[in-house]
There are 2 protein chains.
Amino acid sequence: MEIMTAKNAPLLDAIAGKTPSRTPVWFMRQAGRSLPEYRQVREGIPMLDSCFMPELLAEITLQPVRRHDVDAAILFSDIVVPLKAAGLDIDIVPGKGPVLADPIRTAADVANLPILDHEVTEVQEGIKIINEELTDQQTLIGFAGAPFTLASYLIEGGPSKNHEKTKAMMHGEPELWHALMQRLTPTIIHWLRGQINAGIEAMQLFDSWAGYLTEKDYREFVLPYSTEILESVKDIPRIHFGVGTGEILAAMGSAGSEVMGVDWRVPLDVAAERIRRENGAKVLQGNLDPAILFAGTKALTKEIQRIKDEANRAIAVGDATGHIFNLGHGVMPNTAPDAITEAVSIIHS
Amino acid sequence: MEIMTAKNAPLLDAIAGKTPSRTPVWFMRQAGRSLPEYRQVREGIPMLDSCFMPELLAEITLQPVRRHDVDAAILFSDIVVPLKAAGLDIDIVPGKGPVLADPIRTAADVANLPILDHEVTEVQEGIKIINEELTDQQTLIGFAGAPFTLASYLIEGGPSKNHEKTKAMMHGEPELWHALMQRLTPTIIHWLRGQINAGIEAMQLFDSWAGYLTEKDYREFVLPYSTEILESVKDIPRIHFGVGTGEILAAMGSAGSEVMGVDWRVPLDVAAERIRRENGAKVLQGNLDPAILFAGTKALTKEIQRIKDEANRAIAVGDATGHIFNLGHGVMPNTAPDAITEAVSIIHS
């Protein structure tokens, strides 16, 4: 029988500022379309349905852990799951993303937006199943979308390249914007507390679209709410990530997470210095360009070494306290699974 | 009769480091789908065909100048026009973008890529028609896509969100990558020299996707070619722009343009300092978020003033030598034309 202790989980050790037994690694979107076993179990099951099926969401969460030997499982879910659970009429359309029957654009829309006030028991059951299979060395990371990214889907009515209606509300009707953020925040907190109750050991707040904002707008319109959410889950390690966030890394860091995820565009040592200046040293997560998984072993090895070197440099000068290896964005669906496994092996070696 | 002199063209004055009679402004994608008169004249005419019709491309180029009172016309064209003119089998699919019948992925593909070696007379005729209507205060800006962005379309076979095949070639087959860039560069130079021969007064090199690269990759795989192109047209003022380029502004600046276009994510004074440290002070272009054109007069006025203040601060401390107002990206097709006209009026006031 294995002794129950999380002491030697590499990911938790890295976050705690200890030297991990190996460089911990997980990949955003490691669970999903890149894996044939995922496509098989999802066949005929709509995305949002799958997020409410305990056995299935557990199976999907565990697939990449079994296959790639990553150090963490990321809960298979979607950022709109808590809104769906709260009763919002929202669906995920294949090849498109979350689509809303009635976009949220008026004060009445905001007032009528349901707030999650019950446990999402299907997800909690899934978390328990996942934890039965994970070893002590493997960490289960919980999952929530940040309120800005959620608000963008709600206001635009679906995925948007330019977020123009979202920014129009932010700048043109700031009171309405803040009302919407205030109404989203308790749902996200409740959703995360439910995951903690069920047994997640760390969490990541995904602010996928935050990189579309100026730093000024991020600080005024988003940061207070992401801070409130991270504060509410401070009993577990917290990771904060968005894409294309080079200009707002320091601001995002000030929301209070122990770990800052870094997009591939910013070298980790440069990112660490920006984050540390405002927030003190944090743990870095990242930041291999997912496209490098298409470039062959030689290029992959070289880029992984570059990133490890940059992280080590940041730690050596005191700008960071640790490093969790990850991509600088999610795994692309057309990635060869063997390239992912190979990357993990190179990172661990 | 108006006296023929370019002395008081605000855009050229700003580039020359003189105080312009008013803040010069033009908007990327000012000619195009946001205007009903554009949709009318394009009706039934495929995009690429329209780029080779002298009267039509002149009309489309002039429409926003007439309507919005902007200080520059940007030649209506597309980055793939020189490739089409060279004989490549490429088309622009509505709602999608440039699509290639046979993507360029092997040494043989690169060797067979046609090189433009003749004048594109239809475009040159269009330029002459445009110049007949423009006043001396209005500047005609020529247009070319940068080789990285062109290469991405060629390798991916069309628009790409992740550029994975492009980066795979760059990192996995660097010699093939450099061969492709070497083959694209003379076509772009020839295309721009033809525009200069016909009468453009300034030019912008659009490296739309350069922001998807790390600085290291940009400097190694892209910069030498963009530098060669800008060097070949140094007899006219040169503008260089890409989206999401905060991390590579200094590197892009070192390609040699007088003007650096700045994405909306980076405040102009911050951008200017980054650019100046490596390159000396340049002229700034930008950087209103196109989404602000949806936010109403009050927000629009406030954001325009913020940007002017940031530019003035950069000029005051010697980090920049001038400012051309523009968006931080292109006009969105669903923008209200009146909002654009209003923005120009606020910028000029």
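Of note:
- Shielding by partners for peptide A:289-302, expressed as the average number of C-beta atoms from other protein chains within 10 Å of each residue's C-beta, is 5.
- Shortest-first nm distances, B:Thr341 label point to equivalent points in other copies (7 Å, Cα→Cβ): 6.4
- Label point 7 Å beyond Cα along the C-beta direction, distances from B:Ala108 to other copies (nm, shortest first): 6.5
- Sorted from nearest, the other copies put their B:Gln305 label points 5.6 nm away, the label point being 7 Å from Cα in the direction of Cβ.
- GNM result for chain A, Cα springs below 10 Å: residue of A:Asp309, A:Asp71, A:Asp207 fluctuating most strongly: A:Asp309
- Beta bridges by DSSP in the stretch B:10-348, antiparallel share as percent, to the nearest 5: 15 percent
- Cα-based shape type of the stretch A:10-348, given that a ≥ b ≥ c are square roots of the gyration tensor eigenvalues and the cut on a/c is 1.5: oblate
- By definition, a body whose alpha carbon gyration tensor gives a ≥ b ≥ c is prolate when a/c is 1.5 or more and a/b is larger than b/c, and the protein assembly as shown fits this prolate description.
- Dipole in debye (nearest 20) - the stretch A:10-348, about Cα centre, beta carbon charges: Lys, Arg +1; Asp, Glu -1: 820 debye
- GNM flexibility winner over chain B from B:Phe76, B:Phe27, B:Phe294 (Cα, springs under 10 Å): B:Phe294
- For the stretch A:79-148: rounded, prolate or oblate by the Cα gyration tensor [a/c cutoff 1.5]: prolate
- The distance between label points at B:Ala108 and A:Arg193 comes to 6.5 nm (points 7 Å beyond Cα on the Cα→Cβ vector).
- In chain B, Cα pairs under 8 Å separated by at least six residues give a relative contact order of 19 percent.
- Within chain A, helices built from complete DSSP H runs that reach 20 Å or longer along their own axis (Cα positions) and carry a mean Kyte-Doolittle hydropathy of -1.0 or higher are A:54-68, A:174-198, A:297-316.
- Positive-end residue, the stretch B:10-348 charge dipole about Cα centroid, Cβ charges, pick of B:Thr227, B:Ile92, B:Met47: B:Thr227
- Simple spin-label estimate for B:Asn131 and A:Met47 in nanometres, 7 Å along Cα-Cβ: 5.2 nm
- FRET E, pair B:Thr297, B:Asn334, Förster distance 22 Å, beta-carbon r, rounded to 0.05: 0.75
- Taking θ as phi - 60° and the Karplus parameters 6.51, -1.76 and 1.60, the scalar couplings of the stretch B:17-30 work out to x, 8, 7, x, 5, 8, 4, x, 9, 9, 10, 4, 6, 5 Hz in sequence order, x denoting glycine and proline.
- Annotation: amide H of A:Leu327 within the under-5 Å range of A:Met28, A:Leu288, sequence separation 5 or more or interchain, hydrogens built in the peptide plane.
- Take the Cα of A:Gln40, step 7 Å toward its Cβ, do the same at A:Gln305, and the gap between the two points is 3.7 nm.
- Separation of the stretch B:248-263 and the stretch A:326-349, taken as the distance between their Cα centroids, equals 33 angstrom.
- Within 10 Å of the Cβ of each residue in A:168-179, the mean number of Cβ atoms contributed by other protein chains is 3.
- Greater than 18 Å apart at Cα, pairs in A:Lys308/B:Lys216; A:Lys165/B:Lys308; A:Lys234/A:Lys282; B:Lys84/B:Lys165; A:Lys161/B:Lys302: A:Lys165/B:Lys308; B:Lys84/B:Lys165; A:Lys161/B:Lys302
- In this structure, the amide hydrogen of A:Phe76, modeled 1.01 Å from its nitrogen in the peptide plane, lies closer than 5 angstrom to those of A:Thr61, counting only residues at least 5 positions away or on a different chain.
All of the numbers you see were taken from the coordinates with simple rules; none came from a lab. All values reported here derive from a predicted model rather than from experimental measurement. All Cβ positions, even for glycine, are placed from backbone atoms using ideal geometry, and neighbour counts span all protein chains on display.
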